[in-house]
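What follows is a single structure, written as structure tokens, with notes after it.
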Amino acid sequence: MSRRRADVTPVLTFIPLLGLAALCIVPLLWLIFAPTKTDAQIVADAPLSFGTLSGYADAWGNLLSFQDGIILRWLWNSVWYSSAIVVGAVIVCLAAGYALATAPVPFRRTILVVTLIGMIVPAAALVLPLFLEISALGLMNSPFAFILPSLFFPFGVYLAFLHFSGNIPPEILNAARIDGAGEWRVLWSVALPLSKSLIGMLAFFSFVASWVNFFLPFLVLNKSEAYPLSLGLQALMANTPALNPAAGGSFIPIHRPEVALAGILAIVPVAIVFLFSQRYLARGILTGSIKD
Amino acid sequence: MHSPARSTRTAMIAAALVAPLALSACAGSPSQEQTESDPTAPVVVWTDSTRQPGFEAYAAAHPDVDLEITVYKPAELISKVQLFNASGSGWPDVVFAPAQGADPYYEWAASLDDKIDADTLEGFGTANRPCEFNGKTYCLVNDVSQMVLWYNADLMAQFGYEVPTTWDEYADLGKRVAKEHPGYLIGSAGSSFMYHSFFRAAGCPLQDVTGENEVHIDATDPNCVAVAEMLDELIAAGVVSNLDLWSPELTTLAQEGKVLMHPGASWFGEFVFRPEASWAFGEGTLAAAAYPKWSGADEAYSANAGGGTYIVSKHAANLDAAVDIATWMATSSEYQATAPTYPAYTPVLGEWGERISADPFYAEDPMPVLAEAVDLINPINDYTVRYDVETAFGTVIVPVATSGGSIADALPKLQEELKNLAQSVGYTVVD
Amino acid sequence: MLLLLFGIGPVAFAFVSALGLSDVRGVLSPFARAIGDFRFLPALTNVAIYLAISLPLMIVGVVALSLLVDTLRRRWAAPLLLVYTLPGAITGAAAVMLWYFMLQPALSPFGPALRAMGFERGPDIFNNSFLVWIFALMAFAVGFGQWVLVVTGALKSVSEELLEAARIDGCSAWQTAVHVKLPLMRRTLLFMLILAFASGIQIFVEPQILHSVAGVGSTSWSLNQLGMTYAFLNGDFGSAAALSMLLFAVCLVVAVFVLVRGRFLDTEHEQ
């Protein structure tokens with residue numbers, strides 16, 4: 001391979017990559033600038049123009065005026081639902097993945113296949129069974145109606161299985177067992193310290209999944225005080241002239257700048273969590289499947 | 001969305017943490033209709049945010065009734081009712097919703113004829129028709145969106161045009177405008193709203209209820225063809241725009257003052273013509289005229305583009321209070337006089353109209369025209385059906401119109417779509 | 001460890017209950033109703049065309065991007081990956097509004113580009129004949145970042161010695177990518193293919209969003225939407241479950257085919 005060629009390659013690589021990055025960023029910039037403008041300016045001014053900083057404060061004030069600041073309640077709900085789901089789902093996935101990978105669980109192959117299958121079941125099949133169960137359990141409108149079902153996370157179980165079966169040498173675990181450690185102790189003191197990147201990934205994916213989940217809360221939560229942000233924002237949109245001027249009869253001061261601000265609010269936590277877990281994510285998700 | 005995170009959607013499967021219980025739920029018997037009203041039971045209210053202050057005012061005035069108010073998305077009501085029906089519990093007691101939700105087909109709304117006195121019901125005139133199914137009343141209409149011919153009074157005077165009183169005159173005026181003042185618009189037909197403003201008003205039978213679960217649909221009826229041909233001709237002449245009513249392009253044209261007139265609902269004045277971000281008409285330019293008369297029709301009919309309604313659940317524990325709340329919302333002047341939309345209940349109209357009549361935004365008081373139009377809703381399409389004609393227009397007609405095709409040629413396809421839709425929700429279709 | 005069994009119950013139960021539900025009116029009639037519906041064939045056609053466009057776009061796009069990103073140093077790759085993942089975080093109300101504005105030539109920051117492609121007005125784009133392309137684009141925008149993340153992660157584990165060996169053997173960067181890296185990514189790509197196919201055939205969010213915001217398409221454009229329509233509009237949960245089962249069966253067949261043909265479950269590698 002010639003030297004000259006090696007110098008050209010990075011440039012050729014960078015152009016498409018940066019171009020695509022620009023395509024990803026432009027809509028975000030638009031979203032970030034939108035609340036600085038008035039509704040009329042969003043339509044009339046250049047798409048990527050900046051209004052005034054006080055636009056954020058105005059838009060925030062208007063959002064808070066919707067039902068006495070219920071958006072704060074939704075935000076708080078989302079935070080604690082998602083936190084509970086992340087903690088719960090990580091524990092469940094670790095335990096299940098570890099058991100599948102290391103213990104002589106009966107029907108292991110079947111269970112694994114079923115877990116994989118769990119990732120491709122269409123949602124429409126589950127609407128009624130899910131609803132009837134939650135209803136029969138008396139959990140309707142309770143946060144647990146959302147949290148408990150979210151704890152089962154087949155993608156995470158599969159990731160954990162790949163990790164424990166591929167990345168952790170069985171000799172280490174066996175050594176611990178010979179030293180007299182119980183199965184839980186082996187998991188806790190030997191396997192887990194070797195699984196930080198796995199935990200990072202599980203946390204990230206379960207957080208994103210629960211934060212943006214709309215369908216499940218839609219099915220089981222019927223009180224606005226119990227809504228997470230995803231559901232609340234949809235109710236807010238449907239009830240304001242923001243995107244639907246035909247919803248005649250509303251004088252609520254929520255228009256496109258306010259919706260944009262609400263959208264930013266919904267994205268920021270995902271971006272933050274991503275930044276925190278990125279160093280784990282970059283390590284690779286399916287490394288196990290390649291090495292085994 | 002091909003993403004790993006997406007796969008977690010299926011995490012819902014986990015419903016299953018307690019699988020066997022669900023089976024017992026299937027076997028559970030649905031709860032019976034309430035026969036006795038429990039005055040201490042709380043009343044669960046679902047509303048949109050616009051009606052929320054009304055319910056709160058009721059709660060403040062009636063401290064003995066315990067209201068639990070949730071702001072929801074009214075379009076979701078039927079989905080939820082289907083789920084509640086399946087599980088036999090969970091229904092809200094009073095809702096603000098489209099009239100469709102009251103259809104006895106969904107076995108949920110309480111019939112109100114024996115619960116509300118006849119005088120009150122009469123106060124609605126014909127405006128409560130969307131709530132009548134098989135001759136019985138299942139809900140109370142909150143507001144009417146009758147059509148009027150909105151026009152720019154300054155421009156009309158400047159051009160020296162008379163406001164048309166028939167659709168033939170409207171079409172003739174369109175041809176004059178095309179010649180004398182090209183670029184000016186007398187309407188638009190690029191969104192599914194054209195169903196209401198043109199086809200529904202003209203009596204084109206697309207939701208003509210003829211009996212219990214029986215509906216007459218004929219998109220190739222002469223009434224339909226006449227309207228379609230008129231629109232095709234005016235669109236070709238460039239005086240009726242085929243842009244979406246809410247599109248930025250039409251908004252820009254309107255802001256440049258190119259809208260000479262536009263047939264539209266009663267709420268267009270406040271929500272289309274007035275806002276800065278919308279068509280931004282200047283003070284004292286907008287006026288309303290009676291809807292033009294369709295050739296062959298006995299009256300100058302318009303259509304009701306659909307208002308909200310109050311529905312009471314027949315499962316409500318505190319049924320008396322639930323009925324009282326719904327009645328109060330729909331008929332009391334305490335609430336209706338302050339409501340932003342045109343009230344269906346006539347006795348409160350005088351008080352409601354004072355603000356509009358005094359508003360300098362209008363070139364002349366639109367109230368007399370609005371009040372007249374409300375009694376002239378074309379009865380052919382005024383009863384509620386379970387399929388959505390507007391959506392069908394969006395699927396079949398709008399793409400044809402916006403891409404410059406012939407609306408008249410697309411009518412047979414509309415017929416097929418509507419017939420299929422109606423049958424899928426349990427109607428017998430009469431051609 | 002029994003915890004796991006709780007995890008399995010659900011999946012099995014979903015099937016039993018979905019099928020059990022259809023038992024109420026005879027096992028076959030919900031299937032017949034679901035397939036016989038007038039919206040079924042158009043939805044099936046839509047989804048088939050969508051898959052034909054979306055799957056190659058996704059697979060080729062992600063592989064190409066991953067190979068490119070893999071040649072960068074970590075310092076550069078990390079921020080790029082973050083940026084690629086961000087569009088996937090925009091959901092719900094904000095996504096609806098954002099897509100509407102991005103695709104309206106008069107309002108979009110991409111307006112000049114859209115006009116250059118001949119889209120002068122909103123209706124030129126929001127047109128039934130472009131819908132599949134728009135949906136494929138939306139799905140790609142939302143999903144590609146996470147997949148590039150996954151695949152570049154997999155590429156990281158390709159050992160340095162192997163790459164060095166390839167270099168010594170005189171492979172160009174292109175040859176290394178095709179002959180060394182691609183085969184090593186096989187499992188990851190197969191995994192992606194299965195999930196992308198499953199989510200593609202179950203496409204729901206994109207047509208739903210575009211219908212609600214621009215009024216194009218319909219609420220039964222895709223098969224999954226149709227299933228929701230059966231359940232929620234018609235109250236026919238049996239047909240909804242039947243349709244879902246059909247979708248699921250197709251996914252399963254494809255998954256098994258890919259796994260067997262792709263020797264996914266093999267434990268030895270033959271390079």
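The values are calculated or read from the model by the stated rules, or taken from the named source; none is laboratory data. Bear in mind the structure is a predicted one, so any value in this text is a computation, not a measurement. Cβ atoms come from the backbone with ideal geometry, glycine included; neighbour counts cover every protein chain shown. The protein model used for the area step is the full one, side chains on, heavy atoms only, and it has no ligands, DNA or RNA in it. Shrake-Rupley method; radii C 1.70, N 1.55, O 1.52, S 1.80 Å.
Does segment C:137-153 contain any residue that is within 12 Å of chain A (Cβ to nearest Cβ), out of contact with any Phe, Trp or Tyr (no Cβ under 9 Å at 6 or more places or on another chain), of a type in the set (Val, Ile, Thr) and open to solvent by less than 10 Å² (accessible area, probe 1.4 Å)?
Looking for residues that are within 12 Å of chain A (Cβ to nearest Cβ), out of contact with any Phe, Trp or Tyr (no Cβ under 9 Å at 6 or more places or on another chain), of a type in the set (Val, Ile, Thr) and open to solvent by less than 10 Å² (accessible area, probe 1.4 Å), one finds at least one in segment C:137-153, hence yes.
Being in a helix (DSSP H, G or I) and either open to solvent by 30 Å² or more (accessible area, probe 1.4 Å) or over 10 Å from B:Trp150 (Cβ atoms) (or both) is the filter here, so list the residues in segment B:251-279 that pass it. Before the answer, list the steps.
Step one: of segment B:251-279, the residues in a helix (DSSP H, G or I) are B:251-255, B:268-273.
Selection gives B:Thr251, B:Thr252, B:Leu253, B:Ala254, B:Gln255, B:Glu270, B:Phe271.
Only one of B:Gly211, B:Gly160, B:Gly190, B:Gly238 is modelled with pLDDT under 95 and surrounded by fewer than 18 Cβ atoms within 10 Å (Cβ to Cβ). Can you tell me which? Show your work before the answer.
Working: B:Gly160 fails: modelled with pLDDT under 95; B:Gly190 fails: surrounded by fewer than 18 Cβ atoms within 10 Å (Cβ to Cβ); B:Gly238 fails: modelled with pLDDT under 95.
It is B:Gly211.
Any residue at all in segment C:26-38 that's within 11 Å of chain B (Cβ to nearest Cβ) and under 25 Å from the mean Cα position of the chain (by Cα)?
Taking segment C:26-38 first, the residues within 11 Å of chain B (Cβ to nearest Cβ) are C:33, C:36-38.
Next cut, under 25 Å from the mean Cα position of the chain (by Cα) only: none.
Looking through segment C:26-38, none of the residues is within 11 Å of chain B (Cβ to nearest Cβ) and under 25 Å from the mean Cα position of the chain (by Cα).
Give segment A:56-70 a look and list any residue that's away from every other protein chain (no Cβ under 14 Å) and in contact with a Ser or Thr (Cβ under 8 Å, 6 or more places away or on another chain), or say none.
A:Tyr56, the sole residue that qualifies.
Residues being out of contact with any Phe, Trp or Tyr (no Cβ under 6 Å at 6 or more places or on another chain), open to solvent by less than 50 Å² (accessible area, probe 1.4 Å) and facing chain B (nearest Cβ under 9 Å): count how many of those fall in segment C:102-136.
6
What pairs can you find where one residue is in segment A:79-100 and more than 14 Å from A:Ile199 (Cβ to Cβ), the other is of a type in the set (Lys, Arg) and part of a helix (DSSP H, G or I), and their Cβ atoms are less than 8 Å apart, with a gap of 6+ or different chains?
A:Leu100/A:Arg108
Among what's in segment C:62-81 and is facing chain A (nearest Cβ under 8 Å) and under 20 Å from the mean Cα position of the chain (by Cα), pick the residue that is surrounded by the fewest Cβ atoms within 10 Å (Cβ to Cβ).
Looking at residues that are facing chain A (nearest Cβ under 8 Å) and under 20 Å from the mean Cα position of the chain (by Cα), I get C:Leu65.
For B:Met230, all conditions in the list (1) surrounded by fewer than 17 Cβ atoms within 10 Å (Cβ to Cβ); (2) closer than 30 Å to B:Ala422 by Cα hold save one; what is the number of the exception?
Result: B:Met230 fails condition (1) only.
Spot the failing condition for A:Pro104; the list is (1) in a loop (DSSP other than H, G, I, E, B); (2) more than 12 Å from chain C (Cβ to nearest Cβ); (3) open to solvent by 40 Å² or more (accessible area, probe 1.4 Å), and only one is missed.
Evaluating A:Pro104 over (1) in a loop (DSSP other than H, G, I, E, B); (2) more than 12 Å from chain C (Cβ to nearest Cβ); (3) open to solvent by 40 Å² or more (accessible area, probe 1.4 Å) leaves (2) as the failure.
Is there a residue being modelled with pLDDT of 80 or more and either assigned to a helix (DSSP H, G or I) or under 16 Å from the mean Cα position of the chain (by Cα) (or both) anywhere in segment A:235-252?
Of segment A:235-252, the ones modelled with pLDDT of 80 or more are A:235-236.
Okay, now just the ones that are also either assigned to a helix (DSSP H, G or I) or under 16 Å from the mean Cα position of the chain (by Cα) (or both), so A:235-236.
Looking through segment A:235-252, at least one residue is modelled with pLDDT of 80 or more and either assigned to a helix (DSSP H, G or I) or under 16 Å from the mean Cα position of the chain (by Cα) (or both).
Can you pull out the residues in segment B:347-362 that are buried (at least 19 other Cβ atoms within 10 Å of the Cβ) and touching a residue at least 24 places away in the same chain (Cβ under 8 Å)?
Of everything in segment B:347-362, just one residue is buried (at least 19 other Cβ atoms within 10 Å of the Cβ) and touching a residue at least 24 places away in the same chain (Cβ under 8 Å), namely B:Tyr362.
Can you tell me which residues in segment A:193-207 are in contact (Cβ under 8 Å) with a residue 24 or more places away in the chain and either open to solvent by 10 Å² or more (accessible area, probe 1.4 Å) or more than 8 Å from chain B (Cβ to nearest Cβ) (or both)?
Just the residues of segment A:193-207 that are in contact (Cβ under 8 Å) with a residue 24 or more places away in the chain, to begin with: A:194-207.
Of everything in segment A:193-207, those that are in contact (Cβ under 8 Å) with a residue 24 or more places away in the chain and either open to solvent by 10 Å² or more (accessible area, probe 1.4 Å) or more than 8 Å from chain B (Cβ to nearest Cβ) (or both) turn out to be A:Leu194, A:Ser195, A:Lys196, A:Ser197, A:Leu198, A:Ile199, A:Gly200, A:Met201, A:Leu202, A:Ala203, A:Phe204, A:Phe207.
With the checklist (1) open to solvent by 40 Å² or more (accessible area, probe 1.4 Å); (2) at positive phi; (3) more than 20 Å from the chain's Cα centre (by Cα) in hand, flag the one item B:Gly88 doesn't pass.
(1)
Name the residue that is nearest to A:Pro104 (Cα to Cα), counting only residues in segment A:173-192 that are of a type in the set (Val, Ile, Thr) and surrounded by 13 or more Cβ atoms within 10 Å (Cβ to Cβ).
Pass one, segment A:173-192, residues of a type in the set (Val, Ile, Thr): A:178, A:186, A:190.
If we keep only those that are surrounded by 13 or more Cβ atoms within 10 Å (Cβ to Cβ) too, we end up with A:186, A:190.
Values: A:Val186: 15, A:Val190: 19 Å.
Per the criteria, the residue is A:Val186.
Any residue at all in segment A:80-90 that is farther than 24 Å from A:Phe218 by Cβ and touching a helix residue (DSSP H, G or I) at 6+ places or on another chain (Cβ under 8 Å)? Please lay out each step first, then the result.
Within segment A:80-90, the first condition is being farther than 24 Å from A:Phe218 by Cβ, and the residues that meet it are A:90.
So of that shortlist, the ones also touching a helix residue (DSSP H, G or I) at 6+ places or on another chain (Cβ under 8 Å) come out as A:90.
There is at least one residue in segment A:80-90 that is farther than 24 Å from A:Phe218 by Cβ and touching a helix residue (DSSP H, G or I) at 6+ places or on another chain (Cβ under 8 Å).
For residues that are within 14 Å of the chain's Cα centre (by Cα) and of a type in the set (Gly, Ala, Ser), scanning just segment A:83-104, find the one that is nearest to A:Trp188 (Cα to Cα).
Ranking the qualifying residues of segment A:83-104, first place goes to A:Ala89.
I need a count of the residues in segment A:39-55 that are within 14 Å of chain C (Cβ to nearest Cβ) and assigned to a helix (DSSP H, G or I).
Within segment A:39-55, the first condition is being within 14 Å of chain C (Cβ to nearest Cβ), and the residues that meet it are A:39-50.
Those left that are additionally assigned to a helix (DSSP H, G or I): A:39-44.
Looking only at that region, the number is 6.
Of all residues in segment B:374-431, which are part of a loop (DSSP other than H, G, I, E, B), open to solvent by 30 Å² or more (accessible area, probe 1.4 Å) and away from chain C (no Cβ under 13 Å)? Can you show your working first?
We begin by selecting, within segment B:374-431, every residue part of a loop (DSSP other than H, G, I, E, B); these are B:375-376, B:378, B:382-388, B:403-406, B:425-427, B:431.
Applying the additional criterion that residues be open to solvent by 30 Å² or more (accessible area, probe 1.4 Å) yields B:375-376, B:383, B:388, B:403-406, B:426, B:431.
B:Asp375, B:Leu376, B:Tyr383, B:Ser406, B:Asp431 - these are the residues of segment B:374-431 that are part of a loop (DSSP other than H, G, I, E, B), open to solvent by 30 Å² or more (accessible area, probe 1.4 Å) and away from chain C (no Cβ under 13 Å).
Identify the residue in segment B:48-79 that is at pLDDT below 90 and open to solvent by 30 Å² or more (accessible area, probe 1.4 Å) and, among all such residues, is nearest to the other protein chains (Cβ to nearest Cβ).
Selected residue: B:Lys73.
Return only the number of the condition from (1) of a type outside the set (A, V, I, L, M); (2) within 14 Å of another protein chain (Cβ to nearest Cβ); (3) more than 18 Å from the chain's Cα centre (by Cα); (4) outside any helix (DSSP H, G or I) that B:Ser145 does not satisfy.
Only one criterion in (1) of a type outside the set (A, V, I, L, M); (2) within 14 Å of another protein chain (Cβ to nearest Cβ); (3) more than 18 Å from the chain's Cα centre (by Cα); (4) outside any helix (DSSP H, G or I) is unmet by B:Ser145, namely (3).
Go through segment B:306-341 residue by residue and tally those that are assigned to a helix (DSSP H, G or I) and not charged (D, E, K, R). Walk me through it before giving the result.
Filtering segment B:306-341 down to residues assigned to a helix (DSSP H, G or I) leaves B:319-331, B:333-336.
With the extra rule that they be not charged (D, E, K, R), the set shrinks to B:319, B:321-323, B:325-331, B:333, B:335-336.
The total comes to 14.
Considering only segment B:117-129, how many residues are open to solvent by less than 20 Å² (accessible area, probe 1.4 Å) and either within 16 Å of B:Ala373 (Cα to Cα) or in contact with a Lys or Arg (Cβ under 6 Å, 6 or more places away or on another chain) (or both)? Don't jump to the end; show me each part of the working.
Taking segment B:117-129 as the starting set, the residues that turn out to be open to solvent by less than 20 Å² (accessible area, probe 1.4 Å) are B:123-124, B:127-128.
Those left that are additionally either within 16 Å of B:Ala373 (Cα to Cα) or in contact with a Lys or Arg (Cβ under 6 Å, 6 or more places away or on another chain) (or both): B:124, B:127-128.
Residues in segment B:117-129 being open to solvent by less than 20 Å² (accessible area, probe 1.4 Å) and either within 16 Å of B:Ala373 (Cα to Cα) or in contact with a Lys or Arg (Cβ under 6 Å, 6 or more places away or on another chain) (or both): 3 in total.
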